[in-house]
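Below is one structure, written out as structure tokens, with a few remarks after it.
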Amino acid sequence: MKRTVSSLRAPTRRTASGFATQEKSRARCAPLAAPLAAPLAVPLAAFLVLTLGGCGKQDTLAGTRPPPNDTEIARGEYLAKAGDCAACHDAANHAPYAGGLAVNSPFGPIYASNVTPDPVHGIGRYTLKQFADALRRGVSPKSGHLYPAMPYPSFASLNDADVTALYQYFEYRVKPVANAVQPTHLPFPFNQRWTLAMWRTVFSRHERFTPDAQRSPLWNRGAYLVQGLGHCGACHTPRGPAYNELGYDEHSPAYLTGGILDHWFAPNLSGDPASGLGRWSADDIATFLRHGHNARSFAFGAMAPVVGESTRYLSDSDLDAIATYLKSLPPHRASGQYTDSDAARAATGQSLATGFPERPGAGVYLAFCAHCHGADGQGTPDKASALAGSALALSRDPTSALRIIVEGSESPGDPPRKMPGFRGKLTDAEIAQVLSFVRGAWGNGATPVSTAEVTRLRDAIHR
């Protein structure tokens with residue numbers, strides 16, 4: 001349930017999908033998949049009548065309410081953390097899973113539903129099959145079709161045992177909260193939920209995860225977590241014209257190659273050595289997911305609460321499995337380059353020392369950034385990440401780096417690692433100059449950033 005969703009609870013929200021917690025971005029759950037255009041609805045109706053009936057053939061769970069099982073409840077609690085359900089479904093007053101927070105989608109605000117076992121406002125009357133249908137098919141007994149902000153295209157891969165454990169946890173361990181969530185009202189045609197049946201038929205995955213016999217158990221466990229419960233693709237996979245993810249597993253060359261969400265760019269997780277995880281080790285990945293930082297990077301934006309509320313609680317074996325799977329992904333959508341050489345470092349040092357007019361960002365960097373990130377771009381251990389060779393700096397889309405400069409960031413930890421924002425100190429031109437400098441310094445090779453890009457982002461986020 002991580003990042004987003006309409007919610008298992010029908011009447012109102014997770015009905016749609018991501019919810020942003022006031023200051024805390026819920027972007028991870030924000031991907032709202034748009035319904036197909038209304039003019040296409042009627043011509044496709046007959047087709048859907050013939051096809052939708054088969055979409056639930058794999059559902060074998062009973063339409064009853066099984067009695068509580070302590071072992072399954074404990075397992076479900078772990079799985080709910082792995083799925084980061086709280087990120088979207090916790091209430092503004094921090095009541096667990098009580099819903100009500102809004103996420104700003106491209107089509108209007110969507111309100112997270114109450115998924116506590118309250119019988120009136122939550123999911124307290126759901127049978128196991130109804131719960132499974134909401135989770136894996138995006139179909140609620142009260143609200144009907146859910147917006148794909150609820151990442152049911154990913155959750156469709158969950159096996160019956162895990163769905164049952166999640167049901168046990170939400171029904172028998174979570175405290176009921178009588179919180180009536182504000183209904184989601186999107187403008188026409190996005191308020192026509194029946195069209196979502198067509199969207200799901202055309203764009204969602206429907207099959208359960210099938211282990212690859214040619215791969216190790218560790219790889220298969222990692223694939224199951226990344227593709228399904230972790231729904232990493234909801235943020236890290238680019239989307240098509242219908243806001244559909246352009247792939248749900250490693251067989252798609254677009255899978256996990258980076259995507260824009262709520263004015264953040266979720267980075268490339270493929271093996272690209274510059275902007276992806278190509279130079280990261282499996283231990284680097286596991287450490288990042290456990291602590292929110294490693295020697296190469298710090299969690300930022302919507303990823304910070306993902307670590308703080310989800311991945312930090314995973315077992316070592318599950319983190320190793322995720323890292324094993326991600327390290328198996330080949331490079332796709334390569335961006336930038338990094339040359340670790342004495343000559344590149346010397347050239348940057350010369351720019352910082354002399355402030356050549358053709359490198360105007362050098363002076364800004366020296367005045368505002370070098371104290372923490374170093375004149376050599378190597379950062380400060382446990383305080384500031386290295387910028388030399390940084391995948392963030394080399395990304396094909398500079399949105400996240402720009403937003404961090406504008407707003408600052410805070411990564412999980414005790415104490416948390418913080419970077420101040422510079423929106424009140426630097427002009428749009430200076431922000432563009434300093435990021436362009438970083439993207440071309442110490443052997444980094446990425447395209448420069450324009451002042452117009454900074455201005456557009458600041459207008460969009462009202463900063």
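The values are calculated or read from the model by the stated rules, or taken from the named source; none is laboratory data. On a predicted model such as this, the values are computed, not experimentally measured, just so you know. Positions of Cβ are backbone-derived with ideal geometry, glycine not excepted, and every protein chain shown enters the neighbour counts.
Descriptive notes on the structure:
- When 234, 266, 223 are checked against the criterion of being in contact with a Cys (Cβ under 6 Å, 6 or more places away or on another chain) and within 23 Å of residue 83 (Cβ to Cβ), a single residue qualifies: 266.
- Scope the stretch 240-291; condition more than 17 Å from residue 329 (Cα to Cα), surrounded by 22 or more Cβ atoms within 10 Å (Cβ to Cβ) and aliphatic (A, V, I, L, M); matching residues: 261, 289
- Residues (among the acidic types (Asp, Glu) and either at pLDDT 95 or above or within 23 Å of the chain's Cα centre (by Cα) (or both)) located in the stretch 377-397: 397
- The number of residues in the stretch 373-423 that are touching a His at 6+ places or on another chain (Cβ under 8 Å), farther than 23 Å from residue 341 by Cβ and either surrounded by 20 or more Cβ atoms within 10 Å (Cβ to Cβ) or among the polar types (S, T, N, Q) (or both) comes to 5.
- Pair list, Cβ < 9 Å and 6+ apart or interchain, from the stretch 53-82 residues that are closer than 13 Å to residue 131 by Cβ to residues that are modelled with pLDDT under 80 and in a loop (DSSP other than H, G, I, E, B): 80/1
- Meets criteria (at pLDDT 90 or above, of a type outside the set (Gly, Ala, Ser) and within 26 Å of residue 180 (Cβ to Cβ)) for residue 111: no
- Extreme residue, nearest to the chain's Cα centre (by Cα), among residues of the stretch 127-157 that are assigned to a helix (DSSP H, G or I) and of a type in the set (A, V, I, L, M, F, W, C): 155
- Search result, residues across the stretch 158-173 that are among the hydrophobic types (A, V, I, L, M, F, W, C) and within 24 Å of the chain's Cα centre (by Cα): 158, 163, 165, 166, 170
- Residue check: residue 188 meets all listed conditions (1) in a loop (DSSP other than H, G, I, E, B); (2) buried (at least 19 other Cβ atoms within 10 Å of the Cβ); (3) of a type in the set (Phe, Trp, Tyr) but one, namely (2).
- Number of residues in the stretch 68-100 that are under 21 Å from the mean Cα position of the chain (by Cα), hydrophobic (A, V, I, L, M, F, W, C) and surrounded by fewer than 24 Cβ atoms within 10 Å (Cβ to Cβ): the value is 5.
- Inter-residue pairs, beta-carbon under 8 Å, first in a strand (DSSP E or B) and in the stretch 416-432, second surrounded by 14 or more Cβ atoms within 10 Å (Cβ to Cβ) and among the β-branched types (Val, Ile, Thr), 6+ apart: 419/404
- Residue match in the stretch 266-285 (condition: part of a loop (DSSP other than H, G, I, E, B), at pLDDT below 95 and either over 13 Å from the mean Cα position of the chain (by Cα) or farther than 20 Å from residue 320 by Cα (or both)): no
- Looking across 432, 460, one residue alone is under 28 Å from the mean Cα position of the chain (by Cα), crowded, with 18+ Cβ neighbours inside 10 Å and on the phi < 0 side of the Ramachandran plot. It is 432.
- Some residue of the stretch 211-219 being more than 17 Å from residue 82 (Cβ to Cβ), touching a residue at least 40 places away in the same chain (Cβ under 8 Å), crowded, with 23+ Cβ neighbours inside 10 Å and among the small types (Gly, Ala, Ser): no
- Residue match in the stretch 92-106 (condition: more than 23 Å from residue 305 (Cβ to Cβ) and either among the hydroxyl-bearing types (Ser, Thr, Tyr) or touching a Leu at 6+ places or on another chain (Cβ under 6 Å) (or both)): no
- Scope the stretch 163-217; condition among the aromatic types (Phe, Trp, Tyr) and either at pLDDT below 95 or touching a Ser or Thr at 6+ places or on another chain (Cβ under 7 Å) (or both); matching residues: 188, 190, 194, 199, 203, 209
- Output for the stretch 97-138, where each listed residue is free of Cβ contacts under 8 Å to residues at least 60 places away in the same chain and either of a type in the set (Gly, Ala, Ser) or not assigned by TED's automatic domain parsing to the domain that holds residue 87 (or both): 124
- Verdict on residue 129 being surrounded by fewer than 24 Cβ atoms within 10 Å (Cβ to Cβ), farther than 27 Å from residue 319 by Cβ and not β-branched (Val, Ile, Thr): yes
- When residues of the stretch 110-119 are limited to those that are touching a Ser or Thr at 6+ places or on another chain (Cβ under 7 Å) and not polar (S, T, N, Q), the one surrounded by the most Cβ atoms within 10 Å (Cβ to Cβ): 112
- For the stretch 229-246, the set of residues classified as out of contact with any Lys or Arg (no Cβ under 9 Å at 6 or more places or on another chain) and either farther than 25 Å from residue 160 by Cα or modelled with pLDDT under 95 (or both) consists of 236, 237, 239, 240, 241, 242, 243, 244, listed by residue number.
- Residues that are crowded, with 21+ Cβ neighbours inside 10 Å, outside any helix (DSSP H, G or I) and touching a residue at least 40 places away in the same chain (Cβ under 8 Å) occur at least once in the stretch 338-353.
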